[in-house]
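Below you'll find the structure, written out as structure tokens, and then a few comments.
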Amino acid sequence: MENHELNQPTVGIVGAGQMGHGIAHVMLRAAHNVVLLDTSQALVDAGAKRILKGLARDVEKERLTEEQRQHAVARLKTAIMSTSHPANSTGSGRSSPFPNLDFSALDFIIEAVTERFEVKASVFQVLEPYCPAEAIFASNTSSISITKLAAATKRPTKFVGLHFFNPVPVMKLVEVVPGLQTAPETVDKAIALAASAGKTPVKVNDFPGFVSNRVLMPMINEAVFCLMEGVADAAGVDNVMKLGMNHPMGPLELADLIGLDVCRDIMLVLYESFRDSKYRPCPLLEKMVAAGWLGCKTGRGFYTYPRE
Ligand code: 3HC
């Protein structure tokens, strides 16, 4: 990280998948320094490959010059991390598991790993001993309580939700979600980071699903009920919403893009948090997840997709 330019934040992004690689892409496009972490070389390499492809596309579309692309590529660093947390470890006196990285330069960590509280909390607990005390921790969670995640770290005032939307390089919105403990200056810095990456930050309070998934997921779930009950076939359901409501994608097509497992997990968070049966995941959604039909990423969901 020694070669990183001054005055540009350094952002650690944990999770090189659909959301993480997209967040890394927009941060690099904004001339920020990025450290991309995941649990295996194969995952990190796959994420980096998609980022490089995205940056090349930015040049084709004249969103970046070739020189800017080369600078962006040079600002990308990658590392492997394990989410297993040695018991009773404090980090002090322990050698860093990231010998080639100087974490002291990190301004933000944005976590974009699987939508499970334990996994997300573990990411922050593993990294915390190596991060500067002033670094801000952010979670890209779609629905898990920011307040609860913040409480699992030693820096609850410097913890915030930064919820990006898929596909990240295209979608303008970032929900900025303060937990109960989040300091106002942490929110200001998170808003500034999102804006610097070309996004439109909208501050919303920490309630299950925030605003986006509180409204979107029940609509998707209801579309699956329509399909299950034979109200219409998948194309029929989607066409009604596209042609009648001007949605760019139908809800079932969108569920395939998001991932049916992610949709089911978010419905479960809403269901368990509010204890209201209106949020029960549709049995057809559960069945498709059980079959491994998760949408675009597995080649089959409500529609079929050619594998990459
Ligand atoms: N991944 C990455 N990039 C994509 C993409 C994808 N799946 N689909 C389209 N794009 C890119 C294209 O490559 C193109 O980029 P370019 O400027 O380099 O050519 C750009 O998007 C526009 O693509 P199209 O010209 O094909 O435009 P469309 O008009 O078909 O728009 C869309 C594509 C932007 C995906 C549009 O269909 C859309 O807005 N769909 C709704 C997406 C949405 O609702 N996302 C939010 C999901 S909820 C979420 O993420 C929250 C989470 O917590 C669940």
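The values are calculated or read from the model by the stated rules, or taken from the named source; none is laboratory data. If you're wondering where the values come from, they're calculated on a predicted model, not measured in any experiment. Cβ sites come from the backbone with ideal geometry, for glycine too, and all protein chains shown count toward neighbours.
Which ones in segment 99-123 are of a type in the set (Lys, Arg) and either at pLDDT 95 or above or buried (at least 20 other Cβ atoms within 10 Å of the Cβ) (or both)?
LYS120
Of these, MET288, MET249, MET245, which one is in contact with a Leu (Cβ under 8 Å, 6 or more places away or on another chain), over 17 Å from ILE144 (Cβ atoms) and without any contact (Cβ under 8 Å) to a residue 12 or more places away in the chain? First the steps, then the outcome.
On the way: MET288 fails: without any contact (Cβ under 8 Å) to a residue 12 or more places away in the chain; MET245 fails: in contact with a Leu (Cβ under 8 Å, 6 or more places away or on another chain).
Result of the check over MET288, MET249, MET245: MET249.
Scan segment 39-52 residue by residue and report those that are in a helix (DSSP H, G or I) and more than 10 Å from the ligand (Cβ to nearest atom). Break it down stepwise before answering.
To start, the set of residues in segment 39-52 that are in a helix (DSSP H, G or I) comprises 41-52.
Of everything in segment 39-52, those that are in a helix (DSSP H, G or I) and more than 10 Å from the ligand (Cβ to nearest atom) turn out to be GLN41, ALA42, LEU43, VAL44, ASP45, ALA46, GLY47, ALA48, LYS49, ILE51, LEU52.
Among the residues of segment 154-177 satisfying the criterion of being near the ligand (Cβ under 8 Å from one of its atoms) and closer than 26 Å to SER104 by Cα, which is surrounded by the fewest Cβ atoms within 10 Å (Cβ to Cβ)?
Within segment 154-177, the match that is surrounded by the fewest Cβ atoms within 10 Å (Cβ to Cβ) is PHE164.
Filter segment 124-153 for residues that are away from the ligand (no atom under 16 Å from the Cβ), within 19 Å of PHE207 (Cα to Cα) and surrounded by fewer than 24 Cβ atoms within 10 Å (Cβ to Cβ) and give the result.
THR147, LYS148, ALA151, ALA152
Kindly indicate which of VAL187, VAL224, VAL237 is more than 26 Å from LEU285 (Cα to Cα), in a helix (DSSP H, G or I) and more than 14 Å from the ligand (Cβ to nearest atom). Can you show your working first?
Details: VAL224 fails: more than 26 Å from LEU285 (Cα to Cα); VAL237 fails: more than 26 Å from LEU285 (Cα to Cα).
Step by step, each of VAL187, VAL224, VAL237 is checked, and only VAL187 is more than 26 Å from LEU285 (Cα to Cα), in a helix (DSSP H, G or I) and more than 14 Å from the ligand (Cβ to nearest atom).
For MET249, only one of the following conditions fails: (1) over 22 Å from PHE117 (Cα atoms); (2) part of a loop (DSSP other than H, G, I, E, B); (3) away from the ligand (no atom under 11 Å from the Cβ). What is its number?
Every listed condition holds for MET249 apart from (3).
Mind checking whether some residue in segment 13-23 is part of a helix (DSSP H, G or I), under 29 Å from LEU173 (Cβ atoms), modelled with pLDDT of 95 or more and more than 16 Å from the ligand (Cβ to nearest atom)?
no
Could you tell me whether TYR305 is crowded, with 16+ Cβ neighbours inside 10 Å and hydroxyl-bearing (Ser, Thr, Tyr)?
no
Can you tell me how many residues in segment 261-295 are assigned to a helix (DSSP H, G or I), of a type in the set (Lys, Arg) and surrounded by fewer than 17 Cβ atoms within 10 Å (Cβ to Cβ)?
First, pick out the residues of segment 261-295 that are assigned to a helix (DSSP H, G or I): 261-274, 277-279, 283-291.
If we keep only those that are of a type in the set (Lys, Arg) too, we end up with 264, 278, 287.
If we keep only those that are surrounded by fewer than 17 Cβ atoms within 10 Å (Cβ to Cβ) too, we end up with 278, 287.
Residues flagged as assigned to a helix (DSSP H, G or I), of a type in the set (Lys, Arg) and surrounded by fewer than 17 Cβ atoms within 10 Å (Cβ to Cβ) within segment 261-295 amount to 2.
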